[in-house]
Amino acid sequence: MVWQKTTYVTKNPEQTKKLGNLLARSVKRDRKSGQALVLALSGDLGAGKTNFIQGFARGLGIGETVNSPTFVIAKVYPVKKSKSGFKKFHHVDCYRLDDAADLAELDFEKVTADPDNIVAVEWPKIAGKFFGNNVLRLEFEVIGEEERRITINS
Ligand code: ADP
Ligand code: MG
């Protein structure tokens with residue numbers, strides 16, 4: 001993957017979505033890895049994680065609107081027409097979870113062990129033990145009313 005450690009500054013939500021969209025166009029399923037690709041998105045509330053994921057889903061070819069799953073923890077969307085090769089996109093928000101056991105209940109271990117899955121996790125700290133080596137870490141920082149710094153680590 002061409003994304004090493006890269007920092008972007010976006011000036012409005014549309015630019016953040018666009019960046020998500022572009023990243024989605026560069027990800028590829030790696031069947032041999034035996035793992036899902038995980039995007040771990042950290043940063044304060046309102047830093048733009050969900051906006052980024054909305055653009056990301058669009059870039060994967062998902063037509064449905066992706067809303068924050070905060071109250072349901074996880075949502076799954078079929079990936080139909082993507083060159084990425086992934087079959088399912090999981091959007092997980094751990095903000096309201098205080099225990100990794102809640103994720104185990106959702107069979108999260110199976111989700112991250114399936115290379116057909118691409119998994120975006122907001123507030124990923126609690127979920128870290130379920131991630132393999134196939135992780136892109138994204139940090140979101142608020143630097144102004146509409147400015148956000150987004151750092152991607154591969
Ligand atoms: P998070 O999921 O990190 O809590 P959201 O994406 O849900 O954040 O919300 C980000 C909020 O910040 C939205 O209200 C959005 O309109 C606003 N915003 C302002 N500037 C930006 C930007 N550059 N990128 C993303 N969101 C922005
Ligand atoms: Mg969010």
Taking N as the number of residues in the chain, the ratio of its alpha carbon radius of gyration to 2.2 N^0.38 Å works out to 0.96
For the range 135-152, what does the Karplus curve 6.51 cos²θ - 1.76 cosθ + 1.60, with θ = phi - 60°, yield as ³J(HN,Hα) per residue in whole Hz, taken in order and with x for Gly and Pro?
10, 9, 9, 10, 10, 10, 10, 8, 10, x, 3, 10, 9, 10, 9, 10, 10, 10
For residue 32, list the aspartates and glutamates whose Cα falls under 14 Å from its own Cα; do not include residues on the same chain fewer than 8 positions away.
114, 116
Expected output is a single nm value to one decimal: the length gained when fully extending between residue 75 and residue 102, i.e. 0.36 nm times separation in residues minus the C-alpha distance. What is it?
8.2 nm
What does the C-alpha gyration tensor say about the overall shape of the range 68-154? Classify as rounded when a/c is under 1.5, otherwise prolate if a/b is larger than b/c, or oblate.
oblate
Among the listed pairs 17/125; 18/110; 88/110; 18/129, which have their C-alpha atoms separated by more than 19 angstrom in this model?
17/125; 18/110; 18/129
Nonlocal amide H pairs with residue 113, under 5 Å, H built at 1.01 Å:
36
Residue-wise HN-Hα coupling along the range 94-101, computed from phi with Karplus coefficients 6.51, -1.76, 1.60 (Hz; x: Gly, Pro):
8, 3, 8, 8, 10, 9, 5, 4
Rg/Rg_ref, the range 97-144, where Rg_ref = 2.2 N^0.38 Å and atoms are Cα
1.27
If I take every Cα pair under 8 Å that is 6 or more residues apart in the chain, average their sequence separation and divide by the length, what percent do I get for the relative contact order?
37 percent
Placed amide H near residue 43: partners under 5 Å, 5+ positions off or other chain
123, 140
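Values in this text are rule-based calculations from the coordinates and carry no lab data. None of the values given here were measured: they were computed from a predicted structure.
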